[in-house]
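**Student:** My questions will all concern the structure given below.
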Amino acid sequence: MFCQTTFKGARLITPSISSLFSRSTVTRCLSSSNNKSSLPPSISQQDGKIELSPISRPNETILQKRSRLIYQSRKRGILETDLILSTFAKKYLHEFSERELQEYDELLNFPDWDIYYFVTEKKPVPKRWLNSDIFKKLHQHAKNEGRSILRMPDL
């Protein structure tokens, strides 16, 4: 049993233990059955996995998006991915167009380990990213051909 939890505007899919939150929380439990018609449109279920659509941010300015992506590149949860993405963001994000920022935002929706394995060639890259200039830059950045010592940039 999983629950969709809304807490101050953020939506999360969590085990039903999330019902412990009481303030500003609305919880609706979703069965992990194959009944896809009972899921809201922002949630999809495929191969037994429940996935949440990215949060729509229609009023986000390009400056706000750039700042959010810098932060999300740094605070991932896995040090290896944090290091690759944060140094990449520091080097390239300031020059990305709005379309490129959107593409990078979509890439950040992948789990940390998947991103790490894709850029280090431990897993095959999904077809969607094979011809992506953003992914090619990230892959090249992860190679660190100059063998420079990378350090987490300041926020």
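**Student:** Inspect the range 43-50 for any residue being loosely packed, with under 14 Cβ neighbours inside 10 Å, in a loop (DSSP other than H, G, I, E, B), modelled with pLDDT of 90 or more and over 17 Å from the mean Cα position of the chain (by Cα) and give the result as yes or no.
**Tutor:** Within the range 43-50, none of the residues are loosely packed, with under 14 Cβ neighbours inside 10 Å, in a loop (DSSP other than H, G, I, E, B), modelled with pLDDT of 90 or more and over 17 Å from the mean Cα position of the chain (by Cα).
**Student:** Quick one: D105 ticks every box in (1) in contact with a helix residue (DSSP H, G or I) (Cβ under 8 Å, 6 or more places away or on another chain); (2) modelled with pLDDT under 90; (3) surrounded by fewer than 18 Cβ atoms within 10 Å (Cβ to Cβ) bar one, so which box is it?
**Tutor:** Of (1) in contact with a helix residue (DSSP H, G or I) (Cβ under 8 Å, 6 or more places away or on another chain); (2) modelled with pLDDT under 90; (3) surrounded by fewer than 18 Cβ atoms within 10 Å (Cβ to Cβ), only one is false for D105: (2).
**Student:** Restricting attention to the range 110-117, does a residue exist that is assigned to a helix (DSSP H, G or I) and touching a Gly at 6+ places or on another chain (Cβ under 8 Å)?
**Tutor:** For the range 110-117, residues assigned to a helix (DSSP H, G or I) and touching a Gly at 6+ places or on another chain (Cβ under 8 Å): present.
**Student:** Quick one: which residue in E145, E121, E98 is surrounded by fewer than 16 Cβ atoms within 10 Å (Cβ to Cβ) and within 20 Å of S56 (Cβ to Cβ)?
**Tutor:** E98
**Student:** Something else now. Could you list all residues from the range 65-80 that are loosely packed, with under 14 Cβ neighbours inside 10 Å and either touching a residue at least 40 places away in the same chain (Cβ under 8 Å) or not assigned by TED's automatic domain parsing to the domain that holds T120 (or both)?
**Tutor:** Within the range 65-80, Y71 is the sole residue that qualifies.
**Student:** Could you check how many residues of the range 122-155 are at positive phi and either hydroxyl-bearing (S, T, Y) or modelled with pLDDT of 90 or more (or both)?
**Tutor:** Count: 0.
**Student:** Please go through the range 94-109 and give me each residue that is in a helix (DSSP H, G or I) and farther than 16 Å from S73 by Cβ, ordered by number.
**Tutor:** Selection gives E98, R99.
**Student:** Continuing with this model, one more query. How many residues, within the range 125-146, are over 18 Å from R74 (Cα atoms) and in contact with a helix residue (DSSP H, G or I) (Cβ under 8 Å, 6 or more places away or on another chain)?
**Tutor:** 5
**Student:** In addition: Determine which single condition K91 fails, assuming it passes every other condition in (1) under 21 Å from R147 (Cβ atoms); (2) loosely packed, with under 14 Cβ neighbours inside 10 Å; (3) under 17 Å from the mean Cα position of the chain (by Cα).
**Tutor:** (3)
**Student:** A follow-up question, please. Quickly run through the range 51-75 and pick out the residues that are part of a loop (DSSP other than H, G, I, E, B) and either within 20 Å of D112 (Cα to Cα) or modelled with pLDDT of 90 or more (or both).
**Tutor:** Scanning the range 51-75 gives S53, P54, I55, T61, K75.
The values are calculated or read from the model by the stated rules, or taken from the named source; none is laboratory data. In this text the structure is predicted, and so the values were computed from the model without any measurement. For neighbour counting, all protein chains shown are included, and Cβ atoms are generated from backbone atoms with ideal geometry for every residue, glycine included.
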